[in-house]
1. Put +1 on the Cβ of each Lys and Arg and -1 on the Cβ of each Asp and Glu in the stretch 355-437; which of LEU397, ALA378, ALA424 then has its Cα farthest toward the positive end of the dipole?
2. Which distance in nm do the two modelled labels at GLN326 and ALA141 give, with both placed 7 Å along the Cα-to-Cβ direction?
3. Rank-order 41-48, 20-27, 415-422 by packing density, defined as the average count of other C-beta atoms within 10 Å over each peptide's residues, highest first.
4. Check cross-link reach from LYS292 to the lysines: straight Cα distance under 20 Å, and skip same-chain residues fewer than eight apart.
5. Once every DSSP H run of n ≥ 4 in the chain is given -39500 (n - 2.57) and the sum is divided by its residues, what mean residue ellipticity at 222 nm do you get, rounded to the nearest 500 deg cm²/dmol?
6. So, in nm, how far is label ALA157 from label ALA221 when the simple model puts each one 7 Å beyond its Cα toward the Cβ?
7. Under a straight-distance cross-link criterion of Cα-Cα below 21 Å, which lysines are reachable from LYS265, leaving out those fewer than 8 residues away in the same chain?
8. With the dipole of the chain worked out from charges on the C-beta (+1 for Lys and Arg, -1 for Asp and Glu) around the Cα centre, which of ALA149, GLY222, SER138 lies farthest toward the positive end?
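The numbers here are math on the coordinates, done by the rules we state, and not lab data. Note that the structure is predicted; figures quoted are calculated from it, not measured. Here Cβ is always computed from backbone atoms with ideal geometry, including for glycine, and neighbour counts include all displayed protein chains.
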Amino acid sequence: MPDGDVTAIVGITVVNPERGRSSAIERDRTVLIAGDRIHRVGPAKSVTIPRGAKIIDGRGRWLIPGLIDSHVHFFQSGNLYTRPDVADFNRWMPYAREVARNGARVEATFKVWLASGVTGVVDVGGPFWNFEMRALASKSAAAPEVAVAGPLISFVARPALDLGDPPIIRVATEGEARALAARELAYKPDYIKVWFIHREGDDLPAQEAIVKATADAAHSAGVRLAVHATELATAKAALRAGADFLVHSVEDLPVDGEFLALARKNRALYCPTLFVYQGYGYALSNTWRPTKAERRLADPQILGMMSDLDRIPGALVPERIRARLQKPAPVQTPAVAMQNLRRVMDAGITVVLGTDAGNIGTLHGPSVFREAALMQAAGLSPLEVLRSATSDGARALGRERGIIAPGKIADLVILDADPLADSANLAAVRQVIRRGRVFDPDALIRSLN
């Protein structure tokens, strides 16, 4: 037996999401964890538990790999004030104050992720501060594994977000793109990210050339390229240019054979981010309401801000938001985005769960459960949803995670309900294990206060 503290989870049902449905479940198992790694997984009756081991009764419960959210943004909080380029509440809450609050509370945000059973996240773009945040997470005793990209290399500027360390930086030439990529590569990012915004009148081939120059710079350093490209034309251009990771759904048109062939050729990852549309819609019409999981597991400070439109004086509410409040529009994810998810999955392209958490209305942590529900509604089975958030999500994280087997890092979640019966059961988090350390989700949230 390896040295280190030993934990034995006894009599639990182990779920192996990388397997097919007929072999994914192993009942009445004992899992031994020594230090930060899984030591043994076997039938409860045949595994000897070392003397002095900490015992967790797993009877009537399910064990899954730690969840991975493959699209988050730590520089954003999910509240109304986090994107003044979309909804400018500066007269009520100065953006500088929101950014300072968010940075000061980042360790609380780490805990919120763990409380929801998320042991790995990919921050696909933010200020250069992202690299400090990643280092802080690596030293924290209560944080998920964090992969990051730096500032988004963009075709448009967002001056409202620029307080000296902008999360989005506009480039106009291939040379500017290569220069910005070189600045970011000095920090050893996990990804270089392009924000591929194509407006009427833009030169699409010229934009594609800039994306290719960025991809070439990233790939020459052994770093993958992530691209925000939500239209079929830009998504195909991104793939032709060498994109490894499409961080959103194609939302304007059904994906076609060319798109699918390009994605397969690149072995690209596809992250649908289905809930973020609804998050903005609900929050900015003041119809956002917390789910049961959010009431239990979200950051209480952010939850307390989600109804601020009830108290902000009307004169300080942006005019566009006032119009929404007077006549709320239906809130829904684009139907084509939902339909494309099943098409992409059926084509053998790797789908990874990601929430775009941090955007207005999409809270860090329990938004994974909203996303999982929408993926299931789009036609994925609960096993496919779980796989996208574990063994396949590990491909986005770029770490060896998502599998329950001897020798693997012990990032695990104990659930009180069967995740293969319904993806909603992923929210039934009883305990979270991060590198062998056992956390009580409710205690993590209480510690934030």
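1. LEU397
2. 5.5 nm
3. 415-422, 41-48, 20-27
4. LYS111
5. Roughly -9500 deg cm²/dmol at 222 nm, from the helical runs in the chain.
6. 2.4 nm
7. Leaving aside lysines fewer than 8 places away in the same chain, those within reach of LYS265 are LYS193, LYS212, LYS236.
8. Farthest along the dipole direction, towards plus: SER138.
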